[in-house]
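Chemist: Below: one structure in structure tokens.
The values are calculated or read from the model by the stated rules, or taken from the named source; none is laboratory data. Keep in mind that this is a model prediction, so the values were computed, not measured. Note that each Cβ is placed from the backbone with ideal geometry, even for glycine, and that neighbours are counted across all protein chains shown.
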Amino acid sequence: MAESSDAIIFLGTAGARFVVARQLLASGGAWLKLGNTQILLDPGPGSLVQAARRKLDPAKLEAIILSHRHLDHSGDINIMIEAMTDGGTKKRGMVFAPADALNQDPVILSYLQSYPQSIQVLTEGGSYVINDVSFRTPVRHKHPAETYGFVFQTPRHTFSWITDTRYFEDLASHYEGDLLIINVVRLSSGAPIDHLSLPEARRIIEEMKPKMAILTHFGMTMWRGRPWELAKKLTEETRISVVAARDGMEFDLAQLK
């Protein structure tokens, strides 16, 4: 890959406990190759194995970002910190996580918290820098754990990732960029869970109007609904290119041009 490119590798597209527990889809999170900066986002169960299968070297990571503490997002956070730091023998890399992932009942084990060069606590409205990549956590999401989505900016692209949340009215207004990645767990709205449904994702896409949207983090109803067909229908309805992520899919942001 050229040094001046930005790409996202989906190490998994599973969302919700049943799809993850049964590994109907992989749950390894996403590996961001943003120029010379490599970042791991939400390393759920199997992240290390999925990375190894794709010859992605955790020792080359500059950072690991955790949107929230739930196990489908954090199951492999400790082993990935070990791998990033060569078992703690090399103090390197940064970790970004909400406070409740670090404090009482931490999902990042206490003895590992000294391994990275730094651990930074995510907050609402926070801004963070990793080399020539920056990202923001514009708003706290409506979710049982402290949860944030992200607006990433590289010298070449701006893109957003809306992670787990219940829908709320001004959600779309906090995000921007040519690409929107959005976690869509439910096929239909109305379930008493704090996750987005497909109709809500459509509303967000229509309000934000990115050049392209990628659906991921599928629960059982979305998976049974065939996400690739649902994405095709959304493209027809919104006139915005919508695709469904697949396990192992690599998306080069140069496609946005």
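Chemist: Would you mention how many residues in segment 14-43 are closer than 16 Å to residue 184 by Cβ and part of a loop (DSSP other than H, G, I, E, B)?
Modeler: 5
Chemist: State which residue is farthest from the chain's Cα centre (by Cα) when the search covers only segment 213-224 and only residues that are surrounded by fewer than 20 Cβ atoms within 10 Å (Cβ to Cβ) and without any contact (Cβ under 8 Å) to a residue 60 or more places away in the chain.
Modeler: 224
Chemist: Yes or no: segment 101-110 includes at least one residue that is among the small types (Gly, Ala, Ser) and at pLDDT below 95.
Modeler: Taking segment 101-110 as the starting set, the residues that turn out to be among the small types (Gly, Ala, Ser) are 101, 110.
Narrowing further to those that are at pLDDT below 95: 110.
Yes, some residue in segment 101-110 is among the small types (Gly, Ala, Ser) and at pLDDT below 95.
Chemist: To continue, here is another question. Would segment 174-190 turn up any residue that is without any contact (Cβ under 8 Å) to a residue 24 or more places away in the chain and outside any helix (DSSP H, G or I)? Working first, answer last.
Modeler: If we filter segment 174-190 for residues that are without any contact (Cβ under 8 Å) to a residue 24 or more places away in the chain, which is where we start, we get 189-190.
Now restrict to residues that are outside any helix (DSSP H, G or I): 189-190.
Yes: segment 174-190 contains one or more residues that are without any contact (Cβ under 8 Å) to a residue 24 or more places away in the chain and outside any helix (DSSP H, G or I).
Chemist: Here is a follow-up. Against the conditions (1) without any contact (Cβ under 8 Å) to a residue 12 or more places away in the chain; (2) not in a helix (DSSP H, G or I), where does residue 111 fall short? Just the number, please.
Modeler: In the conditions (1) without any contact (Cβ under 8 Å) to a residue 12 or more places away in the chain; (2) not in a helix (DSSP H, G or I), residue 111 misses (2) alone.
Chemist: Next up: For segment 137-152, give me the residue count where each residue is in a strand (DSSP E or B) and crowded, with 19+ Cβ neighbours inside 10 Å.
Modeler: Filtering segment 137-152 down to residues in a strand (DSSP E or B) leaves 137, 140, 148, 150-152.
In the following step, the residues that additionally are crowded, with 19+ Cβ neighbours inside 10 Å were identified as 137, 148, 150-152.
Residues that pass the stated criteria total 5.
Chemist: Within segment 191-206, how many residues are β-branched (Val, Ile, Thr), in a loop (DSSP other than H, G, I, E, B) and surrounded by 18 or more Cβ atoms within 10 Å (Cβ to Cβ)? Let's see the steps before the verdict.
Modeler: Step one: list which residues in segment 191-206 are β-branched (Val, Ile, Thr), which gives 193, 204-205.
Right, trim to in a loop (DSSP other than H, G, I, E, B) and you get 193.
Cutting the leftovers down to surrounded by 18 or more Cβ atoms within 10 Å (Cβ to Cβ) gives us none.
Number of matching residues: 0.
Chemist: Before we move on, is residue 254 assigned to a helix (DSSP H, G or I), loosely packed, with under 14 Cβ neighbours inside 10 Å and small (Gly, Ala, Ser)?
Modeler: Yes, satisfied.
Chemist: Quick test for you: out of 115, 167, pick the one residue that is in contact with a helix residue (DSSP H, G or I) (Cβ under 7 Å, 6 or more places away or on another chain), of a type in the set (Ser, Thr, Tyr), at pLDDT 95 or above and within 28 Å of residue 82 (Cβ to Cβ).
Modeler: Details: 167 fails: within 28 Å of residue 82 (Cβ to Cβ).
Of 115, 167, the one residue that is in contact with a helix residue (DSSP H, G or I) (Cβ under 7 Å, 6 or more places away or on another chain), of a type in the set (Ser, Thr, Tyr), at pLDDT 95 or above and within 28 Å of residue 82 (Cβ to Cβ) is 115.
Chemist: Which numbered condition trips up residue 86, out of (1) surrounded by 15 or more Cβ atoms within 10 Å (Cβ to Cβ); (2) farther than 23 Å from residue 12 by Cβ; (3) of a type outside the set (Val, Ile, Thr)?
Modeler: For residue 86, the failing item is (1).
Chemist: Another question, if that's okay. Please find, within segment 93-121, the residue that is surrounded by the fewest Cβ atoms within 10 Å (Cβ to Cβ) out of those that are in contact with a Lys or Arg (Cβ under 8 Å, 6 or more places away or on another chain) and among the aliphatic types (A, V, I, L, M).
Modeler: Out of the qualifying residues, it is 107.
Chemist: Would you point out which residue out of 79, 130, 65 is β-branched (Val, Ile, Thr) and without any contact (Cβ under 8 Å) to a residue 40 or more places away in the chain? Working first, answer last.
Modeler: Numbers: 130 fails: without any contact (Cβ under 8 Å) to a residue 40 or more places away in the chain; 65 fails: without any contact (Cβ under 8 Å) to a residue 40 or more places away in the chain.
Result of the check over 79, 130, 65: 79.
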